[in-house]
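The values are calculated or read from the model by the stated rules, or taken from the named source; none is laboratory data. Note that the coordinates shown come from a computational prediction; the quantities given were computed from them, not determined experimentally. For neighbour counting, all protein chains shown are included, and Cβ atoms are generated from backbone atoms with ideal geometry for every residue, glycine included.
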Amino acid sequence: MFATLYEGKEGQLGENGEPVWWLNLKCDPDEALLLRDKYAAIVPGYHMNKRLWNTIVLDGSIPEEEIKRMIDDSYQIVVDNLPSAQRAELDRLTQS
């Protein structure tokens with residue numbers, strides 16, 4: 001698993017008055033700390049290993065390109081840690 005997406009806490013609304021979504025992403029531990037310092041909307045992973053996961057509050061305060069980069073990084077961390085047979089199968093499936 002490289003990500004989870006869920007509706008934030010009840011009553012938490014974004015700028016447009018709609019519910020805010022939260023995105024959990026796996027992260028390098030050092031980068032996780034840097035991102036938390038850089039963005040108020042990034043906090044230690046909610047219900048996750050707080051050393052390896054960040055929760056991104058999708059409230060519009062983080063540039064979309066930065067969120068995409070974090071998603072790509074999270075995916076790559078998980079893929080890099082798969083057993084070689086699973087990585088080979090994933091490569092086979094994604095080459096089609």
Being exposed (fewer than 12 other Cβ atoms within 10 Å of the Cβ) and among the β-branched types (V, I, T) is the filter here; which residues of segment 27-42 pass it? none
Of the residues in segment 1-12, those that are at pLDDT 75 or above and aromatic (F, W, Y) come to F2
Restricting to segment 53-95, name every residue that is surrounded by 10 or more Cβ atoms within 10 Å (Cβ to Cβ) and of a type in the set (S, T, Y). T55, S61, S74, Y75
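Taking the residues in segment 13-43 that are in contact with a strand residue (DSSP E or B) (Cβ under 7 Å, 6 or more places away or on another chain) and over 16 Å from I71 (Cα atoms) as candidates, determine which candidate is modelled with the highest pLDDT.
Of segment 13-43, the ones in contact with a strand residue (DSSP E or B) (Cβ under 7 Å, 6 or more places away or on another chain) are 13, 19-27, 32, 35-36, 41-43.
In the following step, the residues that additionally are over 16 Å from I71 (Cα atoms) were identified as 13, 19-20.
Details: L13: 57, P19: 76, V20: 84.
Here the answer is V20.
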